[in-house]
1. Hey, if you put +1 on the Cβ of every Lys and Arg and -1 on every Asp and Glu Cβ in the chain, which of SER32, LEU14, PHE3 ends up farthest toward the positive end of that dipole?
2. To the nearest 20 Debye, how big is the dipole of the range 3-90 about its Cα centre, given +1 on the beta carbon of each Lys and Arg and -1 on that of each Asp and Glu?
3. Would you mind ranking SER32, SER96 so that the residue whose beta carbon has the fewest other beta carbons within 10 Å leads the list?
4. Given only helices, namely DSSP H runs of n ≥ 4 each adding -39500 (n - 2.57), what is the per-residue ellipticity at 222 nm of the chain, to the nearest 500 deg cm²/dmol?
5. Starting from the eigenvalues of the Cα gyration tensor, five times each then square-rooted, give me the equivalent ellipsoid semi-axes of the range 3-90, largest first, whole Å.
6. Based only on other Cβ atoms within 10 Å, what is the fewest-to-most ordering of PHE95, PHE3, PHE76?
Amino acid sequence: MEFNEYQEAATRTLYGNEQVLTNCALGLAGESGQVIDLIKNYTFKGKELNREEMIHEMGDVLWYLSQIAAWADIPFDEIAKDNIETLNKRYPHGFSQDS
């Protein structure tokens, strides 16, 4: 699935009003916290890292990101492309300790 296809499909489930940006920003923070908790519990509490739960929570993060981008009229593909260009400029030969 392409990023823009995802964004279009995800937008179908958005319940919008004048507070949509705030709702999405707060939702992004909350869902990011869920991902962080999974990692914290794995790293520091010895819990098993549940792949399915990680996929679910990361999907929620992706949904909120896509909706913030949709609100700002930014195609999701554009965000992904810009990020890769930034990484290529920053690390032209890939990441290394010396970079």
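1. SER32
2. Working: 8 positive and 15 negative charges, 84 e Å.
My answer is approximately 400 debye.
3. SER96, SER32
4. After summing the helix terms and dividing by the residues of the chain, the value is -24000 deg cm²/dmol.
5. Details: eigenvalues 129, 68, 27 Å².
Working from the Cα gyration tensor, I get semi-axes of 25, 18, 12 Å.
6. On the way: PHE95 9, PHE3 17, PHE76 21.
Ascending number of Cβ neighbours within 10 Å: PHE95, PHE3, PHE76.
No value in this document is a laboratory result; all are computed from the given coordinates. This is a predicted model, so every value here is computed, not measured. Heads up, the Cβs are rebuilt from the backbone with ideal geometry, glycines too, and the neighbour counts pull from every protein chain shown.
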